[in-house]
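Here is the structure we will look at.
Derivation of every value follows stated rules applied to the coordinates shown; laboratory data play no part. Keep in mind it's a predicted model, so treat the numbers as computed, not measured. Counting neighbours? That spans all protein chains shown, and the Cβs are built from the backbone with ideal geometry, glycine included.
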Amino acid sequence: MKKILADIQDGSFAKEFLLEMSDAGKQVHFKAMRKKAAEHPSEKVGEEVRKLYSWSNEDKLINN
């Protein structure tokens, strides 16, 4: 946590973030983190749970 705070305070976090989000950075790290998060087991459970809500029209298990 101290390292992260130091990166924020000295501006290196912002510099790395802007580079990552630029056309040159191509969001490589961001996309890799997103892919890893999407593969987490909780996402599969969440997909099934979201089907239960009234705003979902696909595979609705409960009619509201």
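For residue 37, what is the net charge nearby, where nearby means another residue's Cβ is under 15 Å from its Cβ and Lys, Arg count +1, Asp, Glu -1?
Every neighbour counted, the sum reads +2.
Scalar couplings 3J(HN,Hα) for region 41-47, obtained by applying the Karplus form with A = 6.51, B = -1.76, C = 1.60 to θ = phi - 60°, are x, 5, 5, 5, 5, x, 4 Hz; x denotes Gly and Pro.
Computed from backbone phi with θ = phi - 60° and the Karplus coefficients 6.51, -1.76 and 1.60, the 3J(HN,Hα) list for region 10-19 is 8, x, 5, 4, 4, 4, 5, 5, 5, 5 Hz; x is used for glycine and proline.
In this rough spin-label picture, where each label sits 7 Å from Cα along the Cβ direction, the residue 39-residue 19 distance is 2.6 nm. Averaged over residues, the count of other Cβ atoms within 10 Å places the peptides 13-24, 37-48 in the sequence 13-24, 37-48, highest first.
Taking θ as phi - 60° and the Karplus parameters 6.51, -1.76 and 1.60, the scalar couplings of region 20-32 work out to 4, 7, 6, 4, 5, x, 6, 6, 4, 5, 4, 5, 5 Hz in sequence order, x denoting glycine and proline. Over region 2-50, the ratio between the Cα radius of gyration and 2.2 N^0.38 Å evaluates to 1.57.
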